[in-house]
Amino acid sequence: MNTQLLIDAVVQQTMVFIAQIATAGGVRAPLAQVANQVFLELTNELGNQGVTKKVIADMFGMALRTYHRKVRELSASRTDSGGTLWASVLTHVKEHEPVTARDLARRFRNDDPEVLSGVLNDLVGSGLAYRSGRGAGALYRAAAASDLALGNAEDQREAYEYLAWLVVYRSGPLDAAAISELGRLEPVACREALESLVASGKVRAVETAGVTRYVSSELSIPLGTSQGWEVAVLDHFQAMVGAISAKLGAVARSDPSDVVGGSTFSLDVWDEHPLEREALGTLSRVRAELESLRSRIDTHNSGVAAGPGAKRVIYYMGQYVREEGPRESRAETADE
């Protein structure tokens, strides 16, 4: 297996994915620490896989001493999330509107004027700010949609709850410290999220030997909800990566009897194609089938205790439609 080829392709696709998340909904998420975070996470996971620090350093083309120094430096600065000029300019416009281009240039005089101009054009182009006039006297005002960029406290609180719930459901029972670490949640935010989840009955707190741990038998993000989508994306991504990783850790071939793995199918149809509706309805059809299965399993499980050999079957699915011009019809499948 050409692992370098696979790594290059996965990294490229992952960067596309991160870029799309970083700009979702018109938001420009800070990315200053991404490269450092990738290095730390990758080295930590390699260590978890049993790779020694000397070998990890060699994999990165570093001397062992250089590797240790880099890890220390990045670990020390990891919590410095910093900010972006984009977010700072939007905040300033919101707090001082209307504000002139001249005032903005004076306020951000230590930043590159071309970058500042690009940020202002992006804010206007994305609908988060309005501009009237031209040149140094142009006036900028924040649009109502700017609330989305700065974050709403209630939305953020709900997002924290969903994230904590996901960690508990997938990895519980866990104590609050472990949930905070796995979910990258501040301890206070994590504690508040857990208290709310317990009060609503979504999560149970179980005390054993003086330690409170949290557990949940379900995770439900209602279809069509405007909140919790971040956790839904993360859950889907983790399930996909988990299935592929499990497959890589077992065998490199596929078998009809496999219970671990995945398949990708491409279905080429067009307007008035006799199977167009069936192809487009694949997502809703499979989703309904799985919802029915889960409901029947939950009904059965509610009245009995789990027996020996308990296991959780994690199934992921996804579908998207890409518009294409006329082409030769074909159907492909690539099994993992």
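The values are calculated or read from the model by the stated rules, or taken from the named source; none is laboratory data. What you see is a predicted model, and the numbers here were worked out from it, not measured in a lab. Cβ placement follows ideal geometry from the backbone for every residue including glycine, while neighbour counts extend to all protein chains displayed.
Look at V286 and say whether it is modelled with pLDDT of 90 or more, surrounded by 12 or more Cβ atoms within 10 Å (Cβ to Cβ) and not in a strand (DSSP E or B). Break it down stepwise before answering.
Numbers: modelled with pLDDT of 90 or more: yes; surrounded by 12 or more Cβ atoms within 10 Å (Cβ to Cβ): yes; not in a strand (DSSP E or B): yes.
Yes.
Among the residues making up the range 255-268, those that are in a loop (DSSP other than H, G, I, E, B) and in contact (Cβ under 8 Å) with a residue 12 or more places away in the chain are V259, V260, G261, G262, D268. Restricted to the range 165-182, and to residues there that are in contact (Cβ under 8 Å) with a residue 40 or more places away in the chain and in a helix (DSSP H, G or I), the residue that is surrounded by the most Cβ atoms within 10 Å (Cβ to Cβ) is W165.
Just a yes or no: is a residue in the range 206-227 assigned to a helix (DSSP H, G or I) and at pLDDT 75 or above? Looking for residues that are assigned to a helix (DSSP H, G or I) and at pLDDT 75 or above, one finds none in the range 206-227, hence no. Determine, yes or no, whether V27 is farther than 20 Å from L185 by Cα and modelled with pLDDT of 75 or more. The answer is no for V27. Here A105 fulfils each of the conditions (1) part of a helix (DSSP H, G or I); (2) modelled with pLDDT of 85 or more; (3) closer than 24 Å to R184 by Cα apart from (3).
Residues that are more than 24 Å from the chain's Cα centre (by Cα), closer than 15 Å to A178 by Cα and in contact (Cβ under 8 Å) with a residue 12 or more places away in the chain within the range 197-218 comprise V206, V211, T212, R213, listed in sequence order. Among all residues of the range 113-130, there is none that is loosely packed, with under 12 Cβ neighbours inside 10 Å, modelled with pLDDT of 85 or more and charged (D, E, K, R).
Would you confirm whether or not the range 298-306 contains a residue that is loosely packed, with under 11 Cβ neighbours inside 10 Å, closer than 24 Å to A243 by Cα and either assigned by TED's automatic domain parsing to the domain that holds G172 or without any contact (Cβ under 8 Å) to a residue 40 or more places away in the chain (or both)? Lay out the reasoning, then the answer.
Within the range 298-306, the first condition is being loosely packed, with under 11 Cβ neighbours inside 10 Å, and the residues that meet it are 299-300, 302-306.
Cutting the leftovers down to closer than 24 Å to A243 by Cα gives us 306.
Checking the rest, the ones that are also either assigned by TED's automatic domain parsing to the domain that holds G172 or without any contact (Cβ under 8 Å) to a residue 40 or more places away in the chain (or both) come to 306.
There is at least one residue in the range 298-306 that is loosely packed, with under 11 Cβ neighbours inside 10 Å, closer than 24 Å to A243 by Cα and either assigned by TED's automatic domain parsing to the domain that holds G172 or without any contact (Cβ under 8 Å) to a residue 40 or more places away in the chain (or both).
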